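**Q** Mind having a look at this structure? Questions to follow.
The values are calculated or read from the model by the stated rules, or taken from the named source; none is laboratory data. Keep in mind that what you see is a predicted model, and the values were worked out from it rather than measured. Neighbour counts are summed over all protein chains in view; Cβ atoms, including those assigned to glycine, are modelled from backbone coordinates with ideal geometry.
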Amino acid sequence: MTVTVEIARRGTGPQERRWVCPKCRSDHDPAAVKENLSVCPACGFHQRIGARERIAQLADEGTFVEYWGHLRTLDPLDFVDLEPYPERVREAQGASRLTEAIVAGTATIAATPCVLAVMDFGFMGGSMGSVVGEKLWRAAAAAADEGRPLVAVASSGGARMQEGALSLMQMAKTTCAVDVVNDARVPFVAVMADPCTGGVVASFVSLADICVAEPGALLYFSGPRVISQTTREQLPADFGSAERNLVLGHLDAIVPRAELKDKVANYLRLLKGGGQLDGLERRAASRPRGGRTRRLARAASTRVAAAFKNPGSESLGGSGPAPGSSEEPPA
Amino acid sequence: MNLSEEADRLQGLLKSHRHERRRHDTWLTVQIARNKDRPRTSEYIEFLIDGFEELKGDRLRADDRAVIGGLGWFDGRAVVVVGHQKGRTLDEQTRHSFGMAKPEGYRKAQRLFALAERHRLAVLTFVDTPGAYPGVAAEEGGQARAIAETMLTMARLSVPIVATLIGEGGSGGALALAVADRVLMQENAIYSVISPEGCAAILWRDAEFAPQAAEALRPTASHLLPLGIVDRVIEEPRGGAHLNPEGAARRVHDAIAEALRELEELTPRERRLLRRERFRKLGVWGGEGLLP
Ligand SMILES: [Zn+2]
């Protein structure tokens, strides 16, 4: 669970007002890059973006209302390394104009209402301490209470060392928050943006109903440095990349930033579509009970018995109508 | 020199002396927690569980020896036991990956927890790991999700869960077995978000500062109790559990027995909701007064 901060590369001298792509080295007008969702117009490199910019990209204009921004970071351990923790927090607040490494509230995404929680890697490496965990809990609880889907955009180096085991506990706390959301059967979509590592991937993010990543995002629990130090293993060149994770089966999809908003909205609409089945089941339940279910069960067991007598005559898996299937049209 | 200056000077000396003392004590605890002669999960099983039947494998691909588990009797009730296993000799330690579990280990834990739920058995876990296994195959086999899902599985159980920290409680790899109704911690165990060495390498840019990092991280039971991270500190025999394993086990037994008795008074639903509430409360933040 390490937190590293990468200094954004900036042009110097006459190119000062140009944005230089760290991947393909082409340079562009910064405004044009921002207009392109901070994606390199030449090679498609996805630049890291802060929480405010992410919210502006995802939420319908003017719909985001921030909540829980009043929660304040404390220093329960009196943590001092080379610098006291409160000073590090103040510096991060000054540089990012955020109070913490997550911004959360309500919004609509392509007209679909949701609770939106967005992490900011620029604030102490997006690390998760007590306030991040508490905001995530409240976001999840609000989603569950109001029946609004939860959308989380994660970008984090992991748990925040400066709050010690309290940060570790946020992994369990946010996991319990997912349990609350699941109990309420509210959709939960997680987007992993570069980088997404340590305790954040090993808790709420990985437990989302749908888990997607941006192209090129790095995703892992233990980082290359820890792995090579502990096991002396040779790491594959694309270790931890979203692309490799997709092939390994750890992601539902990789979604380019330009498609993210519509994709997320679509996922939410599909998951909320389950309400239709509720309606059908309610109607089925209100019909006189017993006769039809018994008939279906008897038919199924006759088929099973027949299949045992004549192996190969009928496959067991998936045969026969399930209650509510199209054999009988819904009332 | 006037008297108040002298008093200030002495105050400063005292403060730095306390600081030194705390650093020394914390580092000593880290050493004891990691002592290779410290009783392991297998020994606590021997002392506390009658008729233990080990159940191996994750039912998917492997049996991770860094996590052991099975069925047995604790004070006359059948329980499921799951714990990290470190081993003692170099050979054992290698076989058990020094207690660093891979996804297979966490999935083994999950399926044993499911077994406990299905048959209404209380769950006892023992936590003793430097952390989850950091390897390419483990990562690519879904280490992050394995840990997350193990925590969620524990959160959803309705049977009683008592976790006991018996040595090293390293990061997410430890927490994965500790989303419990009661978290007990031996006096000389540690529980931390990152190893002191790892923390020092990042924040001090030099692993040599591990004692400083250990002190800053506050990983000892006496620090974690008031924060609500652990519910009870279990005393150890003088000098540490390794000097008197049987005496240590007796105290662990008594603490687990008491916790189980309390938890058995609750309904399944209450246990689940109270466990969730226990973890919801963890964290320290301010600013509540800023809004009505
Ligand atoms: Zn480029």
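**Q** Every residue in segment B:62-99 that is out of contact with any Lys or Arg (no Cβ under 9 Å at 6 or more places or on another chain) and more than 20 Å from residue B:161 (Cα to Cα), please.
**A** Matches in segment B:62-99: B:90, B:91, B:94.
**Q** Please go through segment A:18-29 and pick out each residue that is under 14 Å from residue A:48 (Cα atoms) and either near the ligand (Cβ under 8 Å from one of its atoms) or assigned to a helix (DSSP H, G or I) (or both).
**A** Those that are under 14 Å from residue A:48 (Cα atoms) and either near the ligand (Cβ under 8 Å from one of its atoms) or assigned to a helix (DSSP H, G or I) (or both): A:21, A:22, A:23.
**Q** In segment B:73-112, what residues are at positive phi and either touching a Gly at 6+ places or on another chain (Cβ under 8 Å) or not acidic (Asp, Glu) (or both)? Give the derivation first.
**A** From segment B:73-112, those at positive phi are B:75-76, B:87, B:97-99; that's our starting set.
Correct list: B:76, B:87, B:97, B:98, B:99.
**Q** Which helices (runs of 4 or more DSSP H) sit wholly inside segment A:205-282 and have at least 1 residues that are in the same structural domain as residue A:118 (by TED's automatic domain parsing) and closer than 16 Å to residue A:185 by Cβ? Step through it out loud before you land on a result.
**A** On the way: elements: A:224-231, A:242-248, A:257-272.
Those helices (runs of 4 or more DSSP H) span A:257-272.
**Q** Just for segment A:30-56: of the residues that are within 14 Å of the ligand (Cβ to nearest atom), outside any loop (DSSP other than H, G, I, E, B) and surrounded by 17 or more Cβ atoms within 10 Å (Cβ to Cβ), which one is farthest from the other protein chains (Cβ to nearest Cβ)?
**A** Per the stated criteria, the residue is A:33.
**Q** Do you know which residues across segment A:115-134 are in contact with an Asp or Glu (Cβ under 8 Å, 6 or more places away or on another chain) and within 24 Å of residue B:229 (Cα to Cα)?
**A** Scanning segment A:115-134 gives A:126, A:129, A:130, A:131, A:132.
**Q** Out of the residues in segment B:231-261 that are under 17 Å from residue B:160 (Cβ atoms) and among the hydrophobic types (A, V, I, L, M, F, W, C), state the one that is nearest to the other protein chains (Cβ to nearest Cβ). Quick ask: steps written out before the conclusion?
**A** Of segment B:231-261, the ones under 17 Å from residue B:160 (Cβ atoms) are B:231-232, B:252-261.
Restricting the remaining residues to those that are among the hydrophobic types (A, V, I, L, M, F, W, C) gives B:252, B:255-257, B:259-260.
On the way: B:252: 21, B:255: 20, B:256: 20, B:257: 25, B:259: 18, B:260: 21 Å.
Per the stated criteria, the residue is B:259.
Conditions (1) assigned to a strand (DSSP E or B); (2) basic (Lys, Arg), marked per residue:
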| position | (1), (2) |
| --- | --- |
| B:69 | yes, no |
| B:86 | no, yes |
| B:105 | no, no |
| B:120 | no, yes |
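**Q** May I pose another question? Against the condition within 13 Å of chain B (Cβ to nearest Cβ), under 23 Å from residue A:267 (Cβ atoms) and more than 16 Å from the ligand (Cβ to nearest atom), how does residue A:85 come out, does it pass? Explain how you work it out, then say what you get.
**A** Values: within 13 Å of chain B (Cβ to nearest Cβ): yes; under 23 Å from residue A:267 (Cβ atoms): no; more than 16 Å from the ligand (Cβ to nearest atom): yes.
It is false that residue A:85 is within 13 Å of chain B (Cβ to nearest Cβ), under 23 Å from residue A:267 (Cβ atoms) and more than 16 Å from the ligand (Cβ to nearest atom).
**Q** Also, quick follow-up: Show the residue pairs meeting these rules: Cβ distance below 7 Å; 6+ apart or different chains; first residue within segment A:161-182 and facing chain B (nearest Cβ under 7 Å) and in a helix (DSSP H, G or I); second residue surrounded by fewer than 24 Cβ atoms within 10 Å (Cβ to Cβ) and not hydrophobic (A, V, I, L, M, F, W, C).
**A** Partner pairs satisfying both residue conditions: A:166/A:76; A:173/B:280; A:176/B:276; A:176/B:280; A:179/B:156; A:179/B:276.
**Q** Suppose we filter B:173, B:286 for residues that are touching a Ser or Thr at 6+ places or on another chain (Cβ under 8 Å) and crowded, with 24+ Cβ neighbours inside 10 Å; which single one remains?
**A** None of the other options fit; the residue is B:173.
**Q** Right, something else. Considering only segment B:186-209, I want to know if a residue exists there that is surrounded by fewer than 24 Cβ atoms within 10 Å (Cβ to Cβ) and among the β-branched types (Val, Ile, Thr).
**A** yes
**Q** Among the residues of segment A:184-227, how many are among the β-branched types (Val, Ile, Thr), away from every other protein chain (no Cβ under 13 Å) and closer than 20 Å to residue A:249 by Cβ? If you could, list the steps in order and put the result at the bottom.
**A** Of the residues in segment A:184-227, the ones among the β-branched types (Val, Ile, Thr) are A:186, A:189, A:191, A:197, A:200-201, A:205, A:210, A:212, A:226-227.
Restricting the remaining residues to those that are away from every other protein chain (no Cβ under 13 Å) gives A:186, A:189, A:191, A:210, A:212.
After this cut, where a residue has to be closer than 20 Å to residue A:249 by Cβ as well, the list is A:189, A:191, A:210, A:212.
Residues that pass the stated criteria total 4.
**Q** So which of A:117, A:144, A:139, A:104 ends up being part of a helix (DSSP H, G or I) and in contact with a Gly (Cβ under 9 Å, 6 or more places away or on another chain)?
**A** Of the residues listed, the single one that is part of a helix (DSSP H, G or I) and in contact with a Gly (Cβ under 9 Å, 6 or more places away or on another chain) is A:139.
**Q** Can you name every residue in segment A:228-257 that is within 11 Å of chain B (Cβ to nearest Cβ) and touching a strand residue (DSSP E or B) at 6+ places or on another chain (Cβ under 6 Å)?
**A** Within segment A:228-257, A:240, A:245, A:251 meet the criteria.
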